[in-house]
1. Regarding the range 85-104, can at least one residue be identified that is assigned to a helix (DSSP H, G or I), closer than 20 Å to Y158 by Cα, of a type outside the set (A, V, I, L, M) and out of contact with any strand residue (DSSP E or B) (no Cβ under 8 Å at 6 or more places or on another chain)?
2. For T50, only one of the following conditions fails: (1) open to solvent by 40 Å² or more (accessible area, probe 1.4 Å); (2) in contact with a strand residue (DSSP E or B) (Cβ under 7 Å, 6 or more places away or on another chain); (3) among the polar types (S, T, N, Q). What is its number?
3. Quick check on my filter: what residues within the range 118-153 are in contact (Cβ under 8 Å) with a residue 40 or more places away in the chain, of a type in the set (D, E, K, R) and within 27 Å of L176 (Cβ to Cβ)?
4. Answer with yes or no whether G43 is closer than 22 Å to Y211 by Cα, crowded, with 22+ Cβ neighbours inside 10 Å and in contact (Cβ under 8 Å) with a residue 60 or more places away in the chain.
5. Tell me which residues, restricted to the range 72-117, are touching a helix residue (DSSP H, G or I) at 6+ places or on another chain (Cβ under 9 Å), touching a residue at least 40 places away in the same chain (Cβ under 8 Å) and not aliphatic (A, V, I, L, M).
Amino acid sequence: MVTTLAVGGDLGRAEGRMSAPPAPPILLASTSPQRRAILQQLGLPFDVATPSYEEHDPPDADAVELVRTHAAGKARSVAGEGVECPVLGVDTAVRLEDRLFGKPTGPEEAEAMLEALGGRTHEVVSGLCLVTPGWEVVEHEVTKVSFRELTARDLASYISSGEWEGRAGGYAIQGLGAALVTRVEGDYLNVVGLPAALLVRLLSERFAGVYGFG
């Protein structure tokens, strides 16, 4: 099922582009509200489809290879016969040295993740895949995030908020999780849920001028 969430430009800009055909909506292979919000922030027209791809995370998997595989799998599961618009798949994981943190299954696991991340710098690794009927491109982005030292009270307070649910690494930087962070190196929106700078670069290269970039 596809849900239309196209975002229109303002009237002033639209009048200046009356002769140009409208940009085809990007089909986002994700139900993530954070990813939808980022596409809206970028002013991109898009629709949403639920991917049928099932993720499997081997404990010894390489983070970059894993997120690239998942992003491509999500996009390919939505792209198919009759789909003419670009399909976007994204997947994100948190890496601390050789450990991978996905979405915690419960409050105990979320607390253990945050306790491990406290006072240290980890990486948020995202894979991004764009698929069209004529080509496919898969790339990735890495952002470094440093946490302050976390006390038992800090951990209990954040876990009780419930914000950790459904979040890779057990936190949301765009919410209460911002209070856990001391430094971000790289694309902040990548930590929120979508590597926006990477997406803009790919759109400017592959669709120069179509989406307002390049």
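The values are calculated or read from the model by the stated rules, or taken from the named source; none is laboratory data. Computed from a predicted model, the values in this text were never measured in an experiment. Using ideal geometry, Cβ is built from the backbone for each residue, glycine included, and neighbour counts are taken over all protein chains shown. Ligands, DNA and RNA are excluded from the accessible area calculation, which covers all protein heavy atoms including side chains. Shrake-Rupley method; radii C 1.70, N 1.55, O 1.52, S 1.80 Å.
1. No, the range 85-104 contains no residue that is assigned to a helix (DSSP H, G or I), closer than 20 Å to Y158 by Cα, of a type outside the set (A, V, I, L, M) and out of contact with any strand residue (DSSP E or B) (no Cβ under 8 Å at 6 or more places or on another chain).
2. That leaves (2) as the condition not met.
3. Result: E123, E141, K144.
4. For G43, the condition - closer than 22 Å to Y211 by Cα, crowded, with 22+ Cβ neighbours inside 10 Å and in contact (Cβ under 8 Å) with a residue 60 or more places away in the chain - is not met.
5. Correct list: P86, G89, T92, F101, G102, K103, P104, P107, E109, E111, E115.
Here's the yes/no breakdown for (1) among the hydroxyl-bearing types (S, T, Y); (2) within 19 Å of the chain's Cα centre (by Cα); (3) farther than 24 Å from A110 by Cα; (4) open to solvent by 60 Å² or more (accessible area, probe 1.4 Å):
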| position | (1), (2), (3), (4) |
| --- | --- |
| T143 | yes, yes, no, no |
| F147 | no, no, no, no |
| L150 | no, no, no, no |
| S161 | yes, no, no, no |
| Y171 | yes, yes, no, no |
| T182 | yes, no, no, yes |
| E185 | no, yes, no, yes |
| L198 | no, yes, yes, no |
| L203 | no, yes, yes, no |
